[in-house]
Each structure stands twice: as C-alpha cells, then as structure tokens.
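Here the structure comes first, spelled out in structure tokens, and everything after it is commentary.
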Amino acid sequence: MLKVDNLQVYYGGIHALKGVSLDINKGEILTIIGSNGAGKSTLLNSISGFLKYKQGEITYKGQKLGFNPTKIVK
Ligand SMILES: Nc1ncnc2c1ncn2[C@@H]1O[C@H](COP(=O)(O)OP(=O)(O)OP(=O)(O)O)[C@@H](O)[C@H]1O
Ligand SMILES: [Mg+2]
C-alpha cells in the first residue's frame with residue numbers, strides 16, 4: 001500500500017537517507033527505530049511531503065506521492 005523505494009535525502013552536503021526502501025501492506029504496522037540522527041524524522045517528513053528528495057520514489061496505492069502535505073494527508 002505504502003512503498004518507499006531507494007530514497008536518498010540530502011540536507012545540502014549532508015547525505016541523511018542513503019537508499020531507504022520499505023513496503024507496507026494494508027493492515028500492517030511498521031515501526032521505525034534508530035539512534036539520534038539516524039534519519040527517522042527525515043523519512044517521515046519525506047513521506048509527508050515536507051522534504052523535497054531528489055532520488056527515489058514514494059508511492060501510495062501505486063500513485064506517486066508529491067510534495068503537498070495537505071493533499072497527502074487527505
Ligand atoms: N534541517 C537539517 N539540516 C541539516 N541537517 C539535518 C537537518 N535535519 C536533520 N539533519 C541531519 O540529518 C540526519 C538525520 O536526522 P533526523 O532528524 O532525521 O534523525 P532522527 O532519527 O529523527 O533523530 P532523533 O532521534 O534525534 O529525532 C542527521 O545527521 C541530522 O543531523
Ligand atoms: Mg527525529
């Protein structure tokens with residue numbers, strides 16, 4: 001249902017997410033764990049459309065999610 005494929009996110013020269021992929025089916029619960037600075041917030045902000053990633057793809061029910069948080073929440 002929600003798929004993240006090879007997500008790469010940079011803050012300027014800082015490579016924060018280095019190829020994150022996940023695939024969540026309907027009814028599943030996924031927990032993201034990691035140390036401070038591991039990239040949890042960066043991942044969720046990317047899925048929510050707050051961060052403009054340059055590489056990788058995020059899809060929901062097969063449709064590409066863009067960078068409009070209000071639309072994505074709806
Ligand atoms: N606005 C920003 N500008 C520059 N670098 C950032 C910014 N936000 C996060 N980073 C860097 O990106 C990496 C991932 O940070 P992120 O905040 O996503 O981690 P986190 O897993 O949510 O950490 P925490 O457990 O402290 O909330 C870290 O190296 C962090 O320093
Ligand atoms: Mg965080």
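Pairs are defined by a Cβ separation below 9 Å, a sequence spacing of at least 6 or placement on different chains, a first member in the stretch 59-72 that is on the phi > 0 side of the Ramachandran plot, and a second member that is surrounded by 13 or more Cβ atoms within 10 Å (Cβ to Cβ); the pairs so defined are 61/2; 62/3.
In the stretch 16-42, the residues that are closer than 18 Å to residue 57 by Cβ reach residues that are within 9 Å of ligand 2 (Cβ to nearest atom) and not in a helix (DSSP H, G or I) with C-beta atoms within less than 6 angstrom, at least six apart or across chains, in these pairs: 16/39; 17/39. Applying the condition of being in a helix (DSSP H, G or I) and in contact with a strand residue (DSSP E or B) (Cβ under 8 Å, 6 or more places away or on another chain) to the stretch 14-64 and asking which residue is nearest to ligand 2 (Cβ to nearest atom) yields 42.
Are any residues in the stretch 20-52 farther than 21 Å from residue 74 by Cα, within 14 Å of ligand 1 (Cβ to nearest atom) and not basic (Lys, Arg), and if so, which ones? If you could, list the steps in order and put the result at the bottom.
Kept after step one, since they are farther than 21 Å from residue 74 by Cα, are these residues of the stretch 20-52: 20-22, 31-40.
From what is left, the residues that are within 14 Å of ligand 1 (Cβ to nearest atom) are 20, 31-40.
Answer for the stretch 20-52, where residues must be farther than 21 Å from residue 74 by Cα, within 14 Å of ligand 1 (Cβ to nearest atom) and not basic (Lys, Arg): 20, 31, 32, 33, 34, 35, 36, 37, 38, 39.
Just so you know, all these numbers are worked out from the coordinates, no wet-lab data involved. Treat the numbers as computed from the prediction; the structure is a model and nothing was measured. Cβ sites come from the backbone with ideal geometry, for glycine too, and all protein chains shown count toward neighbours.
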